[in-house]
Structures are given as structure tokens and as C-alpha cells.
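S.K.: The structure's right below; bear with me while I get my questions together.
The values are calculated or read from the model by the stated rules, or taken from the named source; none is laboratory data. Please read all numbers here as calculations on a predicted model, not as lab measurements. Here the Cβ positions follow ideal geometry from the backbone for every residue, glycine too, while neighbour counts run over all protein chains shown. Only protein heavy atoms, including side chains, enter the accessible area calculation; ligands, DNA and RNA are left aside. Shrake-Rupley method; radii C 1.70, N 1.55, O 1.52, S 1.80 Å.
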Amino acid sequence: MTIEVKNIVKKFGEFSALDNVDLKVGAGELLALLGPSGSGKTTLLRIIAGLDWPDSGEVSFDGENALSRGASERHVGFVFQHYALFRHMTVFENVAFGLRVQPRAVRKDEASIRARVKELLDLVQLDWLSDRYPSQLSGGQRQRIALARALAIEPRILLLDEPFGALDAKVRKELRQWLRSLHSEIHVTSIFVTHDQEEALEVANRVVVMDRGRIEQIGTPGEVYDNPATAFVHGFIGESIVLPVDVSGNSVRLDGRPLNIATNGAPSGASKLFVRRHDMQIGPAGSGSLEGAVRHVRSFGPIQRAEVTLSGRDGNTVIEIDAPRDRELLPGEIVSLQPRRYRIFAAQD
Amino acid sequence: MSTETTLLPPTTQLRTYAPSADLTVASLPSRREGVRPQAPPSPQNLRTEPGPVRFIIIALAVSFLTVFVVLPLVVVFASAFSKGVMAYLSALAEPEALSAIRLTLLVAAISVSLNLVFGVIAAWAITKFEFSGKTTLITLIDLPFSVSPVISGLVFVLLFGAQGFFGTWLQAHNVHILFAVPGIALATIFVTFPFVARALIPLMQEQGTQEEEAAISLGASGLQTFFRVTLPNIKWGLLYGVLLCNARAMGEFGAVSVVSGHIRGETNTMPLLVEILYNEYQFVASFAIASLLAMLALITLVVKTILERRLDEGQISSDD
Amino acid sequence: MWANLSTAQAGGIVSTEVARRSTLPGFGLTMGLTLTWLSVIILIPLAGLFLRTFELSLDQFWGIVTSRRTLNALKISFGLSFAAALVNLLMGTIIVWALVRYRFPGRRLFDAIVDIPFALPTAVAGVALTQLFAQKGWLGGPLAELGIKVAFTPVGIFVAMVFIGIPFVVRTVQPVLIDLDPEIEEAAASLGASRWHTVFRVILPSLIPALLTGFALAFARAVGEYGSVIFIAGNLPNVSEIAPLLIVIRLSEFRYADATAIAVVMLMASFIIIFAVNRLQRWAQTRIPAH
């Protein structure tokens, strides 16, 4: 099932939740909608599900207009952030719900329903909880049941709204991997919403980075990390060192001092230099464009993370860099830094 | 807790399942024990009064309540049985008494069932959707609480009485609303209008719309969603509202008195019969009927307390 | 009204304005039914009341309202309700204090019976109180010996109004008192405040909004009360006749206009007073921050 979203606009009063959003999702893809709160990702998800309606725009599934139908007719499986399990029903009844409310004509007989529920509970490895109530389950278990419930109706699309947001870190990690392996088993077109970039990069086939109602970039996790298209994406994904620079002609200057880096076609004017922590080359004093004093060093594994106070700039700029441990840095040491890989974006981006 | 009153009270307070702490003339305040009980102040700690003061306060409270609440209640039963059990039972077996009981039950059944259905519908409309004017709507629903029972009856006389707006039309078509069961039912429906909605609205607001949305996304229709998902979740609140509604419906006096015409054997509810018998000095009979109403009140209170505990528990266990 | 269905041609979908719909179904139906029921049962009857009022000229209205009997009835209703509410304010505070802060045998029982004046049908309360306070009643007798006549006098009205107002102050203040932070008192005590001082300058002020609400509720209820009061009242015009009774009498005389006028005055006066208490509360809340 492919999904196409065109020119979606959604406003809540004055606030623009979605501003002309276009998106295409391929069949069987596992897509992440990633962004900070207020970016519109959940609104977009709910519009696709039919739980919300756009002010204008189109949504189509396999070429057919989806907006003519309500959520109950779109055959979409939705997993809520807080599970939304039916509190007065057992786990079994929760999962069976979608099958039980089907119109008489289509509904399966009780035996088939039972079999299917068992199948799903086996799939999420929780069939031993079949007679419990949601209040008796842990968060992680509830979420898996919510997923089983959504899968029961054999949805063409699976939508997950911050599915692991309410769980603690360890359970989140486990469920992430579990979701990925589940998806590779069942191949349903899936979209999940998250504000956790690690989660998006780890799990998804493609990532859609959103901010303030707009899509900033769509790409594979690798693309989004290595080739961020905008300052927002660079800043949101992974850690970045950001320095205000001025671009004129062929030179890039920081506080008037030229940095020995190519402009790479960046437009003239006030700009921002984005460098990943591990893309700053460290060398002895005098060998690079920037200089600074090491303030503090933390070592873990093969990396040492150093806080460096850049010289000039009133001693107010402290940046964090990651360096290999072939030569241990010492606090107080003066080092040179040279950006190896970097991006320059216009300052108002 | 919001102790704000408004001209007519808002029901959108999440805390209580019973209308309380807002300006409702006839709402039944709830006795919330407090979810987190504190240690009672003991003589050893800094938080209490000296012994004699405590004694006086307790004595005052107890004697006041005894005089003003316990004694009246006891008087009802004492007077009812003052001439023995046989007199009591025969008073209840009188045809007038039986017809009053029948009428009371009928009117209660009508008003409770109608207000139940419409209370649920109103609560659904208010809590599951967003729209402007919600507060106004809730205020309007609460209106009967703020109005004196006599005025509640008056408004129907103004509509359906001989000189009322529809008076001539009704007479021409020989339709009797006042001084007949329909009038009594209408007046009772008016005064009991808010109970079910007010019990449900805070409860349903607290429960939110997520489960309903989940049901819809799984393919359920509106009715299926309501009956399979919403209704089981609100059943205790519903019972609570029905309980209060029924208690008020059976006990209503002022409004019904105005519209009923007091026609013996026909348009007397139990409270009205109590009045008539009392005014005729038939004390045993009067208090016999009164004792039935008093027992209803006591049972209502007991069940209400149980339900309140259920509702509190439900709230605690559903806090994920 | 729905999204334009000129759609779903192969690959070509016409972009349209999508109508505003809600997630959950049934808005139209349930709102419609709600508004209809509301109108039939409440709005139309009340509109009738106000329409009838406007049939009177201002002079007529004023004449009715300021007639001697009407004024006295209003005075009695409002005056005695106010006094009764004050008593309930005082006793309610004492009762709620004892119920929340102390432990004594039978506490739970007494806590439960606070609701009785509210749950008991008004006619039952009326006859019970009359029986109790009549000349030969359990309380009326001893009081008569002391020369105090309760039943069939304004004092009886007052007693009935106190009875029905009991739950309002208690139940309104109770949750607030329960939730009161013990640390506030401990802080006051540790700073050297006497118990008296702590109670009257620290605790009670923070209860003022709830107390005022309870007072207003008790007052409003007493003003409109009919069933509990008319048995024990003497119902003598100008002496022990309450306003609701006068309305009933006027109705039985088919003097609809009079009845309506009095009713409107009662409604307006109640609303004004409640409004004033509202303001008072808000003022109190700014002076003493609520918990």
C-alpha cells in the first residue's frame, strides 16, 4: 500500500500545524516522522489515519482518495502513545475487538477470531497474558498488545504515534529492535512518529525530518546524518558544533580571521558553520585554522571527548570535540582544530 | 479545588463525580475522603487544640447534628409506629396510599429513564467533541438546580394553565397536562434534568477520547464504540447519576405540588400525600408514607457512598 | 459538504477543500438531540416565565412587588435564609473541623448523616421538624416550658432553613480542609504562633473561599425552599409567610401576573446575591492564596 500526501495544510486557529506538506511512502516501507514537538508530525500521522482532517490537500492510498472515508473505513492500524487499550476488556478481547466489530457480512466466525488472536499474541510473544487486564500489564507489554490489536484487522498501513515515548530507556531499546524485526517479517507499510533521532535513525528505512509544520529533509538515515540539507536538520540530528562565520568571495571568516576551508558554494553573507564533533581534526598548535585551550577531557572507549575553549571570542566559546585516543589530550594544552567535513548554511535558516 | 462559584455553576470540574463546590441549590455534595489521608492531629503534635477545646468542639458538633438531623429522622419512624405495626401497615395499604406509591414510581420511572437517555447523549456531545459555547451549554443544563422548586412548577403553569400560553389550545383539544400525570412528569423531569449529565461529564472528560479513537480506527461504528467501549467505562458514574436522579424524582414536593392539583387518588405523589394526611391530622398515615421516603433516602445515601468509593478507586487504578 | 468526490481518476486526483469533520461520529445527532431536549424541558418553560413578566408594565410590576404582603414575604424569606445560613456557617465550620481533624466514636456515622438533610424529601423533613418542635413535640415541649414557641412562628421557619442548609457548608469545606497542607501549621507553630493564632490567622483564612461558597449555597437553597418550611411555618401573611408560599397562593387565585412577578424578583435577587458572593470570593482568593 503506497501513501501519497499532497499540499496538506492544517491550522489550529492562528497556529500553522502543517504548511503544505508533500510526502510519498512506498509499499512496505518503514518510515519515521522525526521532529521536535510542534513540528506537526503527529498531526500528519493522525490525518493519514483519519483521526484528524486537513484544511486542504489530498491523501491517497494506492492512488485512491482516502479523505472521503473516516478512520473506521480506512483500514489503518493505529498505535497510540499511551496505548489506549480498552481498560475494561481483557487482553484477548482487546486484540479481538477489531475483528468483532466488523459488519456481519464480513465478520469471521468465533473460532477463526480466536485463532487469529492467538496467532497475534504469539507473534508479540504475550499469549500467556491473554486473560489479564491492561492495568495488570507493564508499559512494554501494553504497547505490544496495542500493536497486536492494530494488526488484527490486517491493516494496509500501520501508524504508530510515539509508540515508545512513555517507556523507560531500556524497554524502549528492546522494543525498537523488536519493531524492526517485526516489520521485516510482516512488511506492512508503516509510519512511526518520534522525537528521538536515535530511534528514527536506528529503525526506519527512511526518515522525514520535520520542523514547524514543514518537511526539512527526507532521506535514508545515512543521508540525513551525513548530508543534512538544512541547518535545522544538521542541528537536530547528531551533535553539531555551530560557529557563526562570514562568507565573502572565496573565504570563510570567523571573527575576521580566515578559516582555511572552501566555501563549497555557500552564499555570501552571515552564515553558520556546522561541524560534527568527530569531524574536527586536532593537531599541534599552529597547524589548523582554529586554536583553543583544552579545558576538560573525558575518555570512554576509543574516544576522548574534550571541551575546548576557542581563543579569541573573549574566551566565551567552548566546543566539544571527539578525538581518537592515539594521543592523550591534557587539560590546559593548546591545540589546533581544523574542520574536515562541514556544512555552511545561511544564518537565518 | 476550585471553589469558584459562577452565576450558574460549571460542571467541568474534573475532581468530583457528584456536583459539589459549585453554586447549585439542590446538588448533592460529595464526601470525598481525600486520596491521600494525613495523619490525624494527635495531642503530641503541634497541629491540634488543647483537650478541653477539642471536647467542646466535638460536643457542639455532635449535639447540633443530633438535634437537627438525628432527631427529625427518628421522629418520622417513631410517629409512624406510634400506634403499632398493624396501624402502620394498614395505613400503607389504604387505596390512596397505594395509588400515591404507584404514581410516584411511575413518575420516577419516566423522568429517570428520559433524563438517563438524554443525559448520556448530552454528556457524549459535550465531552467527546470540541466546540465553543460548551460552558454556556453546561450552565443551561444546570439551570434547574438554581431555581426554587416552586418556580420550577410555576413555569409549567404559565405554559399549560388555564391562562397559560397553551391553555386555550389544550382546553380546546381536551388535553390535560396540569392536574394530571403529564404535568407532574414534566415538572419532575425539569427538576431532575441535570443529574445524570452532571455525574457523567467530569467522568467522561477525565477518561478522554483515546479509547474511542482506538475503537474507530479499528473499524467500529459510532454505536458500537459507544456500547462496547464508552458505556462499560462510565457505568458507575451512570449508576450514580441515576441514583441521585431517582431520589430527587421520588422526593420532589414543591414543583409537583404546584402542578398537581392534589386530586385525591389521582394526582398525589407520595410527598403530596404526606402533606395532605398531615394537614388532616392523620399523623400515623402521614408518617407511614414519610417513613417509606425516609428509607429511600437512607438507602440512596448508602448506595451513593459505595458508588463514590468505586468511582474513586476507578480513578486511582486507571492512572497509568 | 464532504470532500469533493470528483476524484480517483487514474492517477489524477482533484485537490479540494476537505470539510471539517470530527474524529468521533455522532456530533450532529447528539448535539441536536441535546439542544432539543434542553429547549423543550428548560428553555421554553423559562422563556414563558420571562415573556409573562414582560406583559406587565413597569408600574404594574412595581406595584405587585412592593405591595405590603409581597415585601414582607420577601423580607421573611431572604432575612431568615440569611440568618440560617450564618448559623450554618458557624456550626458547619465546627462540624467539619470535628469530622476532619478529630477522631471520636461514631465519627464516621456522623459524617454520613450530614448528607441526610439533603437526601431527605422536603415534605418528610417538613413534617418531621414540625412534629419535633410542636408544642407537644420532643423538643417543642421542653422549649414551650421555657416560653419559646418554635412551630408555626418565624422561629420555626428559621429552624427548617438551618436544617436544610447543614450539608452545604460542611461538604464544601471538607475537601479543602482535608487537603490542607499540614506543614503550614507546623511552620506557624515552629515560628512561635499560639494555637489560637494559627487557627484564626492561618488556617481559617485559607478556608474562606470554600466557606463563602458553602454559605452562598445554603443561603440560595433556603430562599427557595418550600416543602421543608411550610409545615412548620405559621404561614400567616406578613408574619410567617415565605415568598414561595405566596407564589403558590397567587397561582391558586389565578393571579398569574403576581406570581410571576414575585418569582422573577426572587430569581433576580438570588442571582445578585450569588454574584456578590462570587466577587467576595474572588477578592478573598487574591488576598489569601487558595491552596
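S.K.: Picking from A:V208, A:F236, A:A49, whose Cα lies most toward the positive end of the charge dipole for chain A (charges on Cβ: Lys, Arg +1; Asp, Glu -1)?
M.R.: A:A49
S.K.: Still on this structure, I have one more. Could you tell me how many degrees, from 0 to 90 and to the nearest 10, lie between the Cα long axis of helix C:122-133 and the main elongation axis, the longest principal axis, of the Cα atoms of chain C?
M.R.: 10
S.K.: Now, a different point. Among the listed pairs B:K134/C:K75; A:K41/A:K118; A:K11/B:K134; B:K134/B:K235, which have their C-alpha atoms separated by more than 27 angstrom in this model?
M.R.: From B:K134/C:K75; A:K41/A:K118; A:K11/B:K134; B:K134/B:K235, over 27 Å: B:K134/C:K75; A:K41/A:K118.
S.K.: With a cut-off of 8 Å between alpha carbons and a minimum separation of six or more residues, what is the relative contact order of chain A in percent?
M.R.: So the answer I get is 16 percent.
S.K.: Would you kindly compute the Cα radius of gyration of segment A:256-349 and its largest Cα-Cα separation (Dmax), both in Å?
M.R.: 13.8, 41
S.K.: Please list, in order, the residues from segment A:105-144 whose amide nitrogen is less than 19 Å from a point placed 7 Å along the Cα→Cβ vector of A:K170.
M.R.: The answer is A:137-144.
S.K.: Does a label point 7 Å from the Cα of A:Q281, set along Cα-to-beta-carbon, have any residues of segment A:233-269 with amide nitrogen under 12 Å, and which are they?
M.R.: Residues passing the 12 Å test: A:260-262.
S.K.: For C:R68 and C:V239, compute 0.36 nm times the residue count separating them, minus their Cα-Cα distance, and round to one decimal in nm.
M.R.: Once the chain is fully extended between C:R68 and C:V239, it gains 60.4 nm.
S.K.: Using only atoms on other chains, find how many Cβ atoms lie within 10 Å of each Cβ of peptide C:105-114 and report the average.
M.R.: So the per-residue partner count for this stretch is 4.
S.K.: Residues of segment A:222-349: accessible area per residue at 1.4 Å, in Å²?
M.R.: 50
S.K.: Using alpha-carbon pairs under 8 Å, 6+ residues apart, how would you state the relative contact order of segment A:94-207 in percent?
M.R.: 25
S.K.: Here is a follow-up. For chain C, just run the numbers: alpha carbon Rg, then divide by 2.2 N^0.38 Å, N being how many residues it has.
M.R.: 1.39
S.K.: Going by average Cβ density within 10 Å per residue, which order do the peptides C:185-196, B:136-147, B:240-251 take, highest to lowest?
M.R.: Packing order, densest peptide first, comes out as B:240-251, B:136-147, C:185-196.
S.K.: List, largest first, the extents of the alpha carbons of the protein assembly as shown along their principal axes, each in whole Å.
M.R.: Principal axes ranked by extent give 112, 76, 64 Å for the Cα atoms.
S.K.: When the helices in chain A are scored as -39500 (n - 2.57) per DSSP H run of 4 or longer and the sum is shared across all residues, what 222 nm value do you end up with, to the nearest 500 deg cm²/dmol?
M.R.: One gets -7000 deg cm²/dmol as the mean residue ellipticity at 222 nm.
S.K.: Set the Förster distance to 25 Å, then compute FRET efficiency between B:V85 and C:R108 from the Cβ-Cβ distance, nearest 0.05.
M.R.: Approximately 0.20, to the nearest 0.05.
S.K.: Also, quick follow-up: For segment A:148-307, what does the relative contact order come out to in percent, with C-alpha contacts under 8 Å and a separation of six or more?
M.R.: 12 percent.
S.K.: Here's another thing I want to ask about it. If the cut-off is 17 Å between C-alpha atoms, which aspartates and glutamates fall inside it for A:K108, apart from same-chain ones fewer than 8 positions away?
M.R.: In chain and number order, the partners are A:E93, A:E119, A:E154.
S.K.: Here's something else I'd like to know. Rounded to the nearest 100 Å², what's the accessible area chains C and B bury against each other, both chains counted, probe 1.4 Å?
M.R.: Heavy-atom accessible area buried at this interface is about 9900 Å².
S.K.: Compute the FRET efficiency between B:L231 and A:E154 as 1/(1 + (r/R0)^6), taking r as their Cβ-Cβ distance and R0 = 25 Å, and round to the nearest 0.05.
M.R.: Between B:L231 and A:E154 the formula returns 0.35.
S.K.: Still on this model: Arranged from highest to lowest average of other beta-carbon atoms within 10 Å per residue, in what order do the peptides A:6-14, C:89-97 appear?
M.R.: Result, highest mean Cβ count within 10 Å first: C:89-97, A:6-14.
S.K.: Let me ask something else about it. Would you please put C:32-40, B:219-227 in order of how densely packed they are, using the mean number of other Cβ atoms within 10 angstrom per residue and starting with the highest?
M.R.: Answer by packing, highest mean first, reads B:219-227, C:32-40.
S.K.: Now a separate question. Can you pull the one-decimal nm distance between simple spin-label points at A:R295 and A:S112, each 7 Å off the Cα toward Cβ?
M.R.: Each label point is offset 7 Å from its Cα along the Cβ direction, giving 6.7 nm.
S.K.: Show log10 I(q)/I(0) for segment A:296-342 at q = 0.20, 0.33 Å⁻¹, two decimals, from a solvent-free Debye sum over equal Cα scatterers.
M.R.: -0.70, -1.35
S.K.: Now a separate question. Take the Cα atoms of segment C:199-291, build their convex hull, and give its volume per residue in Å³.
M.R.: In segment C:199-291, the Cα hull volume divided by residue count equals 120 Å³.
S.K.: Once you average over the residues of A:122-128, how many Cβ atoms of partner chains fall within 10 Å of each Cβ?
M.R.: Average neighbour count from other chains, rounded to a whole number: 0.
S.K.: Return the FRET efficiency for the residue pair B:I306, B:A109: r is the Cβ-Cβ distance, R0 is 30 Å, and the value is rounded to the nearest 0.05.
M.R.: Efficiency, from the Cβ-Cβ distance: 0.85.
S.K.: Using only the Cα atoms, what convex hull volume per residue in Å³ does chain A have?
M.R.: Per residue, the Cα convex hull of chain A comes to 169 Å³.
S.K.: What accessible area per residue comes out for chain C, rounded to a whole number of Å², with a 1.4 Å probe?
M.R.: Heavy-atom SASA per residue in chain C reads 42 Å².
S.K.: Mean shadow of segment B:69-203, computed from the convex hull of its alpha carbons, in nm²?
M.R.: Averaging across all directions leaves 12.3 nm² for the Cα convex hull.
S.K.: Okay, moving on. Counting only protein heavy atoms, what percent of the accessible surface of the protein assembly as shown is carbon or sulfur at a 1.4 Å probe?
M.R.: 60
S.K.: Kirkwood Rh and Cα-based Rg: tell me the resulting Rg over Rh for segment B:48-120, rounded to two decimals.
M.R.: 1.29
S.K.: Further question: So if I place +1 on the C-beta of Lys and Arg and -1 on the C-beta of Asp and Glu, and nothing else carries charge, what would the dipole magnitude of chain A be about its Cα centre? I want it in debye, nearest 20.
M.R.: So the dipole magnitude of chain A works out to roughly 500 debye.
S.K.: Between chains A and B, what is the buried accessible area in Å², counting both sides, with a 1.4 Å probe and ligands, DNA and RNA left out, to the nearest 100?
M.R.: Answer for the A-B pair: about 1900 Å² buried.
S.K.: Put a dot 7 Å past each Cα toward the Cβ at C:S57 and A:A27; how far apart are the dots in nm?
M.R.: For A:A27 paired with C:S57, the spin-label model returns 8.6 nm.
S.K.: Something else now. Taking a cut-off of 24 Å between Cα atoms, list the lysines near B:K83, but don't count ones fewer than 8 places away on the same chain.
M.R.: Hits, sequence-local ones excluded: C:K136.
S.K.: So what is the accessible area of segment B:55-132 per residue, in Å², with the probe set to 1.4 Å?
M.R.: Averaged over the residues of segment B:55-132, the accessible area is 45 Å².
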